[in-house]
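Here is the structure we will look at.
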Amino acid sequence: MSYAIEMRHIRKEFPGIVANDNITLQVEEGEIHALFGENGAGKSTLMNVLFGLYQPDQGEIYVHGKKAVINDPNEATRLGIGMVHQHFMLIDKFTVAENIILGREPRKHGILDLAKAVKLVKELSEKYGLDVDPNKKVEDITVGMQQRVEILKTLYRGSDIIIFDEPTAVLTPIEIQELIVIMKRLVKEGKSIILITHKLKEIFEACDRCTVIRRGRNIDTVAISETNPSDLASMMVGRKVNVQINDAPYEPKERILEIDHLNVLDSRKVNVIKDLNLTVHGGEILGIAGVDGNGQTELIEAIAGLRKVRDGSIKIGGRDVTNQKTRKIIEAGLGYIPEDRQKHGLVLDFSVGENMVLQTYYKKPYAQAGILKNKVITKKAKQLIEEFDVRTPNEKTLARSLSGGNQQKVIVAREVDRSPQLLIAAQPTRGLDIGAIEFIHGKLLEEKKKGKAVLLVSFELDEILHLSDRIAVIYEGHIIDIVNPKETDENELGLLMAGRRKGGA
Amino acid sequence: MKVNAFLKKINWMTLLIPVISVVLGLVCGAVIMFAIGYNPLLAYQSIIESIFLQPYYGGETIRAMIPLVLAGLAVAFAFRTGLFNIGVEGQLMVGWFASVACAIIFGHLPKFILLPMSVVAGGAAGALWGFIPGLLKARFKVHEVISTIMMNYIALYTTAYLIKNFLYTEGERTPTIPQAASLSSAFLANLTQGSRLHWGFVVAIIAVTAMWFMLWKTTKGYELRAVGFSPDASEYAGMNVGGNIILSLTISGIFAGLAGAMEGLGTYQYMTINSAFTGIGFNGIAVALLGLNTPVGVTLAGALFAGLQTGGMTMQSNAGVPVELIQIIIALIIFFVGSGYVIKWAADRLKRKGHKS
Ligand SMILES: Nc1ncnc2c1ncn2[C@@H]1O[C@H](COP(=O)(O)OP(=O)(O)OP(=O)(O)O)[C@@H](O)[C@H]1O
Ligand SMILES: [Mg+2]
């Protein structure tokens, strides 16, 4: 029997790094095959090779048993390979249908036949149970739906092998469940799937087999039915992984963040934060749980001075920072790990070193009298790269060429190292491997032990439950309840997040 | 070792585009000359010989380089901070006018005050002409390409109006500036057998160094580059995005204004009523492009264009080739740089082929 995909002895080098070193990957027909490995292990690179975006330096690719040379994505498409990228590639101003047919438009008399396009998309979406509205503009639909559009795009092009590069990193738990159902249905229809994810839970729910790679090399390929999560995790990291738990005693100190009757408008001038009150103390981690779109983003942006406060006040360390300039607020003691790392957290075309001092470049010891002290900056960058295990050739490498997880580590290193009074961590471990998550959780707990205040926003209920001293549930722009993580569980949180108060209806 | 070799190869590739473009431009120019019956070798020989062996043309080349390099720096500086300054031409004109006007109005002052003051006046006028589009962009999101183009026309007609009404003299121009404001030098002229070479090259050298220093050694430069690459991330990091846009176009305008001042105080010693643009500002865009927006690259590209223009004048007498052909060659070089993307693509293709075989 031949494999749907067989990649043999693939090698791919980038300046200063071997991203893939003799990797072999065999995907059987009709299976969901997991690709599992640390940040920077070379997963995306391997998939980009398969999709024709990179040329391998060595190695061969076989598609359905036939040797293939994949020079570009068009060739990959012709061979029936489709890819849903880590960062979506859709045109915001186009409708769902237009995005899907782009490049292969149905025509009538040489003219674009939009009605037919809509019909085709509808048929496809019904066939595979991918619920989308073909006439909506991409900018108006949720991330989960955008992802379904990406999947439909590959199906429309007739792909029977679909690559998913970390599809679940940007999804909410419910959307993840939906995606797993979709993938299983696709496999039933005869497709083969390669799934990259850092979440063991998903691998064990969805996949048949799993290939583990570490630092560009093959470790093993195992059947999911014959392994267990902790074995797989240690196989990936190369050592035993300890789950970090919040075992430091909860001894709240002075109030660091005080939010009083806060009202904030969103970009459409709708009041998204309504009379919100919240206090975070030194020496505590306060987790914010909530369904995406209930005002989490706007709340954080208001604290950071990135969004106008209409009413109410925000104090950090006793200082009123309401509607202050962001720099003032940072100097008052704010650290911020933003949700969108590529857009807000990094200057992608700056080197790793330059990114390490993005808020402090003008201060001693990094500068004096307006002149940068590049030696000091380099030294700091080297220290942080070492301490936070950022996988990069050196500090001069552009942030853009780092793997997704390592980009995240750069941000976390920068923010935690400043040890701010108040650290806001929005999805701090999104896209990180298990080892890195463990490490970053450890760092957040250290901040707590140092007596700093940590405001943690995450869609991962596990993460919230593990780390928080108190959990504030946000619903439609205000804090509907504050619960003790030791006395609650995912079910209760789920209900609260849906707007149902304890005891009441 | 292997890694280093690879890194070198990458740098080399980026350098390759401008170099290949220049070579291709010259080759195509030669083909054209040949096709219409001239001897391209003779023509190129006369360019090279004149610039390198005849002091007059050597001096004139450096003279022509001064405003070109400054205009190139203006474009490159803005570009490095994510902005496209098409307004160098206008900023140059107001700089030219301001330096000349200052020199004439304050003509009674001693040289050590008047000369620096006139140079500064040129830079300041350019700065103002850059500041306005910067402000428009920062405040009202007016795209700088559109506003700087409009500022070019405002500069063209405003300077003409001001000269006509306030500083007019025979010959449709301003009076000649007093010696006390002049950059020209008998010493340099003698050295180069009577070329118009002037002390402005010192200003150009300072400007080249200043751009490098500002962008890569100062905190402001760090900020300007950050905002240029990613306004969003810069805002999140607490930088003032709008302020940096204004600052960037203002500094860019200073370079352009200085380019004008060099013409006003150095080359010509007056300003004529222009009915059309000088073209130096637009050439600055090409110089920046060819110089990969680096200070050193801009200097080299400026030297090339200046050399071609100056040496080109000797082609006519020595090889009978019309001077206009130089403009064609320059245009070809710009064309090839612009299509550098295509060249890179072709190079990649070739490399791939090499791999397979
Ligand atoms: N275009 C590139 N230029 C230079 N280096 C690159 C490039 N793309 C990837 N790399 C490097 O190759 C290595 C592998 O990166 P890759 O993106 O494949 O990792 P990954 O396994 O997908 O990690 P993650 O889980 O963090 O997304 C990393 O060290 C990265 O820095
Ligand atoms: Mg990846």
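List, in order, the whole-Hz ³J(HN,Hα) value for each residue of the range A:170-187 obtained from phi through the Karplus relation with A = 6.51, B = -1.76, C = 1.60 and θ = phi - 60°; use x for Gly and Pro.
Running phi through 6.51 cos²θ - 1.76 cosθ + 1.60 with θ = phi - 60° gives 9, 9, 7, x, 5, 4, 5, 4, 4, 5, 4, 4, 4, 4, 5, 5, 4, 5 Hz.
Dipole of the range A:5-237 (Lys/Arg Cβ +1, Asp/Glu Cβ -1, origin at the Cα centre): which of A:Val49, A:Val118, A:Ile32 lies farthest to the positive side?
The listed residue farthest towards the positive side: A:Val118.
When only the heavy atoms of the protein chains count and the probe is 1.4 Å, how do A:Met497, B:Met271, B:Met150 rank by accessible area, highest first?
Largest accessible area first, the residues go B:Met150, A:Met497, B:Met271.
If amide hydrogens are placed 1.01 Å from N in the peptide plane, which non-local residues have theirs closer than 5 Å to the one on A:Val457?
For A:Val457, the qualifying residues are A:Ile288, A:Ala425, A:Ala426, A:Gln427.
Can you list the lysines whose alpha carbon is less than 16 Å from that of A:Lys108, not counting same-chain residues fewer than 8 positions off?
A:Lys116, A:Lys119
Which pairs in the list A:Lys396/A:Lys443; A:Lys93/A:Lys396; A:Lys363/B:Lys111 are over 31 Å apart, alpha-carbon to alpha-carbon?
A:Lys93/A:Lys396; A:Lys363/B:Lys111
A:Lys122: accessible area at probe 1.4 Å, nearest 10 Å²?
100 Å²
With +1 on the Cβ of every Lys and Arg and -1 on the Cβ of every Asp and Glu, and nothing else charged, how large is the dipole of chain A about its Cα centre, in debye rounded to the nearest 20?
1580 debye
Mind putting a number on the dipole of the range A:371-415 about its Cα centre? Charges go on the C-beta only, +1 for Lys and Arg and -1 for Asp and Glu, and I need it in Debye to the nearest 20.
240 debye
What pairs from A:Lys325/B:Lys220; A:Lys364/B:Lys141; A:Lys43/A:Lys201; A:Lys240/A:Lys449 go past 23 Å between their alpha carbons?
A:Lys364/B:Lys141; A:Lys240/A:Lys449
Find the sum over both chains of the accessible area lost when A and B are paired, probe 1.4 Å, and report it in Å² to the nearest 100.
Buried area (both sides, nearest 100 Å²): 2700 Å².
If you take the square roots of the eigenvalues of the alpha-carbon gyration tensor of the protein assembly as shown and sort them as a ≥ b ≥ c, do you get rounded (a/c under 1.5), prolate (a/b over b/c) or oblate?
prolate
From the residues A:Ser403, A:Gln368, A:Leu384, which one has its Cα farthest along the dipole of the range A:344-418 in the positive direction, the dipole being from +1 and -1 charges on Cβ of Lys/Arg and Asp/Glu about the Cα centre?
Of the candidates, A:Gln368 comes out farthest on the positive side.
Tell me the relative contact order for the range A:344-418 as a rounded percent, counting alpha carbon contacts under 8 Å between residues six or more apart.
Relative contact order comes out at 39 percent.
Please report the relative contact order for the range A:5-237, taking Cα pairs under 8 Å with a sequence separation of at least 6, and give it as a percent rounded to a whole number.
Relative contact order here is 29 percent.
Cα centroids of the range B:14-71 and the range A:207-277: how far apart, whole angstrom?
About 62 Å separates the Cα centre of the range B:14-71 from the one of the range A:207-277.
Compute the relative contact order of chain A as a whole-number percentage, counting only Cα pairs closer than 8 Å that sit 6 or more residues apart in sequence.
Averaging sequence separation for qualifying contacts and normalising by length gives 15 percent for chain A.
Would you mind finding the longest exposed-site-free stretch of chain B, with exposed GluC sites (Glu not before Pro) meaning DSSP loop and at most 15 other Cβ atoms within 10 Å?
B:173-357
As an exercise, identify the GluC sites (Glu not before Pro) in the range A:155-242 lying in DSSP coil whose Cβ has no more than 13 other Cβ atoms within 10 Å.
Here the sparse-neighbourhood loop sites are A:Glu189.
Can you tell me the FRET efficiency between B:Val31 and B:Val296 if r is taken as the Cβ-Cβ distance and R0 is 30 Å, rounded to the nearest 0.05?
0.45
Please state, rounded to one decimal and in Å, the Kirkwood hydrodynamic radius that the range B:62-298 gives when every pair of distinct Cα atoms enters the mean of 1/r.
Over the range B:62-298, the inverse of the mean reciprocal pair distance is 17.6 Å.
How large is ³J(HN,Hα), in whole Hz, for each residue of the range A:87-98 in order, when computed from phi with the Karplus curve 6.51 cos²θ - 1.76 cosθ + 1.60 and θ = phi - 60°, using x for Gly and Pro?
10, 4, 10, 10, 9, 4, 7, 8, 6, 4, 4, 4
Quick one: which residues, 5+ away or cross-chain, put their amide H under 5 Å from the amide H of A:Ile163? H built at 1.01 Å from N.
The list, which skips near neighbours in sequence, is A:Gly82, A:Met83, A:Val84, A:Ile194.
With a cut-off of at most 15 other beta carbons within 10 Å, and DSSP calling the residue loop, which trypsin sites (Lys or Arg not before Pro) in the range B:55-148 qualify? Please list them.
B:Lys141
Using the Karplus curve 6.51 cos²θ - 1.76 cosθ + 1.60 with θ = phi - 60°, work out ³J(HN,Hα) for each residue of the range A:121-133 in order, rounded to whole Hz, and write x for Gly and Pro.
5, 4, 4, 4, 5, 6, 4, 9, x, 9, 6, 9, 9
The values are calculated or read from the model by the stated rules, or taken from the named source; none is laboratory data. As the structure is a prediction and not an experimental result, all values here were calculated from the model. A quick note on method: Cβ atoms are made from the backbone with ideal geometry, for glycine too, and the neighbour counts reach across all protein chains shown. Protein only, heavy atoms only, side chains kept; ligands, DNA and RNA dropped before computing areas. Shrake-Rupley method; radii C 1.70, N 1.55, O 1.52, S 1.80 Å.
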